[in-house]
1. Starting from 0 in steps of 5 Å, tell me what percent of the Cα-Cα pairs of the range 43-98 lands in each bin.
2. Applying the Karplus parametrisation 6.51 cos²θ - 1.76 cosθ + 1.60 with θ = phi - 60° to the phi angles of the range 8-21, what ³J(HN,Hα) value in whole Hz is obtained for each residue in order, glycine and proline being reported as x?
3. Mind sorting Arg31, Arg14, Arg88 by how few other Cβ atoms lie within 10 Å of their own Cβ, fewest first?
4. May I ask you to evaluate 6.51 cos²θ - 1.76 cosθ + 1.60, the Karplus curve with θ = phi - 60°, for each residue of the range 67-77 and list the ³J(HN,Hα) values in order in whole Hz, giving x for glycine and proline?
Amino acid sequence: MKVAWNSRYDTGLRVIDDQHRELFAVVGRFRRLAQTGAARSEVETLLGELVACSERHFATEEAIMSQFAYPDLSQHVSEHITMLASLRELLVGFRESQQSTALLVPALMEGWLKHHVSDGDFGFVTFLKAHNLA
Ligand SMILES: [Fe+2]
Ligand SMILES: [Fe+2]
């Protein structure tokens, strides 16, 4: 499966779409690193970058949702928390084991695609648009 930006991920809210593109780009870089058998330290650095990028993105989404009193805020925040926890777990697991980098790819992809293909982010953008907030 390919991790690439696809127009079906476009929510129509610029700030969110730009961050999603950035996240997909990091996952794509990660995938290429894993395929070329990069040094573990390089993979670890990129994983750390993915965690940081995700934290920033989730904080942006949560600030927008809370600013406009999005009714499903807590549900969406809990999705973010779960996802960050699994990313951090991947990072820690990778540091502590001799786990192959290739094994990390499906887990990362699944996490990102699940969140963004699901109606999670579309739900709040649709809400904002319906209320003429975006
Ligand atoms: Fe989200
Ligand atoms: Fe998102």
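Quick note: the coordinates plus some simple rules give every number you see, no bench work behind them. Quantities reported herein were computed from a predicted structural model and do not represent experimental measurements. Cβ: placed from backbone, ideal geometry, glycine included. Neighbour counts: every protein chain shown.
1. Values per bin, smallest distances first: 4, 20, 24, 19, 13, 9, 6, 3, 1, 0.
2. Values per residue, Gly and Pro as x: 6, 8, 5, 8, x, 9, 3, 4, 6, 4, 4, 5, 4, 4 Hz.
3. Arg14, Arg88, Arg31
4. Along the range 67-77, the couplings run 4, 9, 6, 4, x, 9, 3, 5, 4, 5, 4 Hz.
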